[in-house]
Amino acid sequence: MPTMSKLIITVAPTGSLPTKKMNPHVPITPEEIIETGVRCERLGASIIHVHARNPMDETPSTDFAIFEEIYNGLKARTNLIIQISTGGRAGTDYEQRNERLKLGPEMASLTTGSVNFPNSVYANSPDLIESLAADMKRLNIKPEMEIFDVSMINNALALVKNNLVDPPLHFDFVLGLKGALPATIENLVHLKNSIPPDATWTVAGIGPAQLTMAAHAILMGGHVRVGLEDKIFFQKGDPASTERLVERVSELTKMLGRPVATPDEARALLNLYRNIRWETFA
């Protein structure tokens, strides 16, 4: 395999949909999410993608206090890059999705278009996208461009052209979700070939596609997202945990000869220099 950068593993442990009834390992409370982050860092993760839930009924939450508790706990107990979700399942208003950025995370997700989910429309208007992008730039937060179809790449590049986002960009290709792009190698290659050469990218394979897409990304020089947000079964009839999914990808990339990046190595790869602990490179 040609020389490549180390592999960045992102964990998405919670999301907006999985419940403990679906899988008892889904972390719901802030403490459960923090503990999952601690364990996943030990297994090789360097980024954690954070959603908040209402601990009482497990519904998606926009409550700033819940995000704050999760953020502060992860900051205190891990060196993970914290990536706050600005997704709209919990609340679609700009104010609801913007407030959590005040925590000042190193990264935040930014979906650059609308997509049909199986039972709803994930709406992201041009004004909303541009407003969130401007907020992230002002607060020195690097956006991860969440890509559900090819047109969203064009929208992301338009943000650069309009000076709302600074390159180099980082993309997350979400493949295998019903209503969006299927998880095929052809689609992954096309997406990769559609982004600027200095951009970095990761892939989030949904459901059964998670392991297959991870293997392709490792071999293609991309990065990988795993977790119960995207896949709740390790294999048929066997409820997964985010820790097991991280461990599997760590073992796979080791077999393929590509080392896993530490959080500080991931910061260097993503041009996130403000929180790098340089002594870890000594």
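The values are calculated or read from the model by the stated rules, or taken from the named source; none is laboratory data. Computed from a predicted model, the values in this text were never measured in an experiment. Note that each Cβ is placed from the backbone with ideal geometry, even for glycine, and that neighbours are counted across all protein chains shown.
Observations on the structure shown:
- Residues that are among the small types (Gly, Ala, Ser) and either touching a strand residue (DSSP E or B) at 6+ places or on another chain (Cβ under 7 Å) or under 19 Å from Arg225 (Cα atoms) (or both) within segment 118-150 comprise just one, Ala133.
- For segment 1-27, the tally of residues that are buried (at least 22 other Cβ atoms within 10 Å of the Cβ) and aliphatic (A, V, I, L, M) stands at 6.
- Taking first residues from segment 121-140 that are more than 17 Å from Lys161 (Cβ to Cβ) and partners that are among the aromatic types (Phe, Trp, Tyr) and at pLDDT 95 or above, the Cβ contacts under 9 Å between residues at least 6 apart in sequence or on separate chains come to Tyr122/Phe148.
- Matching residues in segment 139-186 - criterion: being of a type in the set (S, T, N, Q) and under 19 Å from the mean Cα position of the chain (by Cα): Asn140, Asn155
- Helices (runs of 4 or more DSSP H) contained entirely in segment 103-212, each with at least 2 residues that are of a type in the set (Val, Ile, Thr) and at pLDDT 95 or above: 151-161, 185-193
- Within segment 37-77, if we keep just the residues that are part of a helix (DSSP H, G or I) and small (Gly, Ala, Ser), the residue that is surrounded by the fewest Cβ atoms within 10 Å (Cβ to Cβ) turns out to be Ala76.
- Set Arg244, Arg267: member being charged (D, E, K, R), assigned to a helix (DSSP H, G or I), free of Cβ contacts under 8 Å to residues at least 40 places away in the same chain and surrounded by 14 or more Cβ atoms within 10 Å (Cβ to Cβ): Arg244
- Selection from segment 207-227 of residues that are closer than 20 Å to Ser16 by Cβ and surrounded by 18 or more Cβ atoms within 10 Å (Cβ to Cβ): Ala209, Gln210, Arg225, Val226, Gly227
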